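Taking it in order: structure first as structure tokens, then the write-up.
The values are calculated or read from the model by the stated rules, or taken from the named source; none is laboratory data. Values in this document were obtained by computation on a predicted structure and should not be read as measured data. Please note: Cβ atoms are built from the backbone with ideal geometry, for glycine as well, and neighbour counts cover all protein chains shown. Areas reflect the complete protein model, heavy atoms only, side chains present, ligands, DNA and RNA absent. Shrake-Rupley method; radii C 1.70, N 1.55, O 1.52, S 1.80 Å.
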Amino acid sequence: MLKIEHFTKDYDGKRAVDDLSLRLAPGEICGFIGHNGAGKTTTLRAAAGILTFDGGEIFVDGHSVKEDPLACKRVLAYLPDNPDLYDYMTGTRYLHFVADIFGVPQAQRDARMEKYASLFGLEKDLGQSISSYSHGMKQKLAIVSAWIHEPKLILMDEPFVGLDPKAAHQLKGMMRELCDRGGAIFFSTHVLEVAEKLCDRVAIIKQGRLVRSGTMEEVRGDSSLESVFLELEG
């Protein structure tokens, strides 16, 4: 579903990500772990087709991000760590706007909006202007918008930040449900306990280089993910 081959990105002569390769199959959730500035957001933005890169290749569902970016974007959703929403819109209008972009039929979008808004307790707030939403409500609306077209791949940057415990629980269930249908999720997080319990695979990046990746069992071994991460961080 996601194949990154020798991905390299430079900023003003400084290498942010160096020769990173990993693969994510349908049905898998992969946690992307690393310190601040390690290259996680850069990798996610490049995989989403938002950021150009200097070397390597990225494929989404068999399509090249460089050669056919629209085909990639049709089957993925990207949730940044601080989503920029259109504050002048209502929640309902924003979700219809996203659904229009992806050509989601009316009946399907209505059913999904009702389902996911209800999970997050947003159904009574969708008629309000987004400018009146709290940070957590905006985060929930962004999550609903990411799921509105049932993408094959979802890329998320620190998705649990700003969510209350109930919303975080609902999100974890949505992630697993999507992957059980054959989708895949690649997300960064600093919450190692969540990654350890939720992820099928994990990739650890340090100073722009991938230092460990594989199934959770392969990476963790007889230790905990936290212990492995701290050891690699040194």
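Key figures
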quantity: Segment LEU232-LYS197, extension gain: residue separation times 0.36 nm, minus the distance between their alpha carbons; calculated: 10.6 nm
quantity: Label-to-label distance, nm, for residues given as VAL211 and LEU51 (7 Å Cα→Cβ offset); calculated: 1.9 nm
quantity: Linear extension gain, GLN108 paired with ARG93, 0.36 nm per residue minus alpha-carbon span; calculated: 3.8 nm
quantity: Residue-averaged 222 nm ellipticity for the chain, from DSSP H runs of 4+ at -39500 (n - 2.57), nearest 500; calculated: -11000 deg cm²/dmol
quantity: Area of GLU217 that stays accessible when all protein chains are in place (1.4 Å probe, Å², to 10); calculated: 120 Å²
quantity: Per residue, in Å², the accessible surface of the chain once ligands and nucleic acids are set aside, probe 1.4 Å; calculated: 47 Å²
quantity: Cα long-axis angle, helix 165-180 against the chain (0 to 90 degrees, to the nearest 10); calculated: 70 degrees
quantity: Relative contact order (percent, whole number), the stretch 5-95, Cα cutoff 8 Å, 6+ residue spacing; calculated: 24 percent
quantity: Fraction of accessible area attributable to carbon and sulfur, the chain (%, probe 1.4 Å); calculated: 47 percent
quantity: Charge dipole of the chain about the Cα centre (unit charges at C-beta), most positive-ward option of ALA46, LEU70, PRO80; calculated: LEU70
quantity: The stretch 29-82 versus the stretch 122-155: alpha-carbon centroid distance in Å; calculated: 21 Å
quantity: Length gained when the stretch ASP100-HIS6 is fully extended (0.36 nm per residue, less Cα-Cα span); calculated: 30.4 nm
quantity: Relative packing of 32-38, 153-159, 207-213, which averages over residues the other C-beta atoms within 10 Å, highest first; calculated: 153-159, 32-38, 207-213
quantity: Computed Kirkwood radius, in angstrom, where 1/r is averaged over Cα pairs of the stretch 137-203; calculated: 12.3 Å
quantity: For TYR86, solvent-accessible area (1.4 Å; no DNA, RNA or ligand), Å²; calculated: 100 Å²
quantity: The stretch 94-160: relative contact order as a whole-number percent, Cα under 8 Å and 6+ apart; calculated: 46 percent
quantity: Label point distance in nm, LYS14-TYR86, each placed 7 Å from Cα along Cα→Cβ; calculated: 3.6 nm
quantity: Relative contact order (%) - criterion: Cα under 8 Å, at least six apart; region: the chain; calculated: 28 percent
